[in-house]
Amino acid sequence: MMAAVLDAPGSLALLEVDDPVCPPGGLILEVEACSICSTDVKMLRAGQKDLVFPRILGHEISGTVSDRYGASPSVGERVQIFPGVTCGICPSCGRGAENHCKDMRIFGFNLDGGFAEYLVVPRNSVRNGGVNLIPDGMRFEEAALAEPLACCINAQDRVEVAEGDSVLIFGAGPAGILHALLSRERGASEVAMAEPLQVRADLAEALGADQVLSPLKEEFLDDAMDLTCRRGFDVIILASRDLAIDDDLLSLLAPRGRVSLFSGLPTHLASPGLDLNHIHYREEMVVGSYGCTPAQNRRALELISSGSIDVGRLITKRVSLGSILKGMEHAERRDGLKAVVTDFGG
């Protein structure tokens, strides 16, 4: 089969590799869509702590079951794949926090992923809820976006975005837009975004943000507070790696406001100095989120299937497997939103 193989940072090539063999209890998936994540671009350029070379990248995957070995679903069924392969028996798995499984393996990181004609899906993925039937009427490319939406669900579950909340989202990339759509679906009364790139600010406005502010403007803090009649936001979501968490950021929170650390931060921004008394007296919370769980993945598919969240509007480029570098460049330039590999013929 053909696959896009990363041998080392900066070295991605389309290669012919061995056809996969179906493992006991597992599946072989004919990949129909695999969307490109900013993490894929990071791994292409600089590697990543969980990445093992050589590796077929891609963790936002959907396709058709082409073979199985004593497992369900059946050959020919359309499925979406949760990217984590969990043990199913550790304390984290037992409490429904599978994203913290002690033996987690991840497609596109330490297992071969979806930038290939076929994907090997091991027994534990099938057994532990990692293979999800795609509802009728949903396109493969939409199903592939269930995983990034599920990550947003995890973050918003953690900070309890609820009806009537005012929400400020930093970063109008694909994750930021998904957060805006999800906040609206959960009943937020105000959904504002902070985005320095005009092309993405325009996309955010077109996709339904109430207000899009430039964080580069000197009057940004005042303008943001004006949106809440100076009360502050109930929830701030950091869907950008470029933002320092500091007292200026906390000043945008309402009493009992919550901050979601959705994006991992570079080292120079990961150790902020904060006035903890400010958090104490105003009862504020700073909450991390990492990945998602199989249950949240299924919820994401339901939201897409019901029409509650139209993820298809985020797709701004479709590429073949043979031109995957064009999709990577589209994501890296930030001149659109989601690029998806939809043609695996070369």
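With θ set to phi - 60° and the Karplus curve 6.51 cos²θ - 1.76 cosθ + 1.60, what are the ³J(HN,Hα) couplings of the stretch 244-256 in order, to the nearest whole Hz, using x for Gly and Pro?
7, 8, 9, 5, 4, 5, 5, 5, 7, 7, 6, x, 6
Fewest first, what order do Ile309, Ile106 take by the number of other Cβ atoms within 10 Å?
Ile106, Ile309
So if R0 is 35 Å, what FRET efficiency would Glu163 and Asp335 give, r being the distance between their Cβ atoms, rounded to the nearest 0.05? Walk me through the numbers before you get to the answer.
Numbers: r = 35 Å, r/R0 = 1.00.
That pair, Glu163 with Asp335, gives E of 0.50.
Match the structure shown to one of the listed values (i) 0.99; (ii) 1.30; (iii) 1.14 of Cα Rg over 2.2 N^0.38 Å, computed from it, and give that label.
Among (i) 0.99; (ii) 1.30; (iii) 1.14, the one derived from this structure is (i).
Starting with the fewest neighbours, write out His278, His100, His59 ranked by other beta-carbon atoms found within 10 Å of each beta-carbon.
Numbers: His278 13, His100 16, His59 25.
Ranked by crowding around the Cβ, least crowded first: His278, His100, His59.
Can you sort Cys22, Cys93, Cys292 by how many other beta carbons sit within 10 Å, fewest first?
On the way: Cys22 18, Cys93 21, Cys292 26.
Sorted ascending by nearby Cβ count, the order is Cys22, Cys93, Cys292.
If I model a spin label at Leu276 and Ser251 as a point 7 Å from the Cα along the Cα→Cβ vector, what separation in nanometres do I get?
Those two pseudo-labels are separated by 2.3 nm.
With only Lys, Arg, Asp and Glu charged, each at its Cβ (+1 for the first two, -1 for the last two), find how big the charge dipole of the stretch 152-288 is about the Cα centre; round to the nearest 20 debye. Walk me through the intermediate numbers first.
On the way: 11 positive and 23 negative charges, 76 e Å.
The calculation lands at about 360 debye.
Take each of the peptides 262-273, 231-242, average the number of other beta-carbon atoms within 10 Å over its residues, and list them starting from the highest.
On the way: 262-273: 12.9, 231-242: 22.3.
Peptide ranking by packing, descending: 231-242, 262-273.
Looking at the chain, how many pairs of lysines come closer than 29 Å at the Cα, when each pair is eight or more places apart or spans two chains?
Final tally of qualifying lysine pairs is 13.
Bear in mind these aren't lab numbers, they're just calculated from the coordinates by the rules spelled out. Computed from a predicted model, the values in this text were never measured in an experiment. Methodologically, a virtual Cβ is constructed for each residue, glycine included, from the backbone with ideal geometry; neighbour enumeration extends over all protein chains shown.
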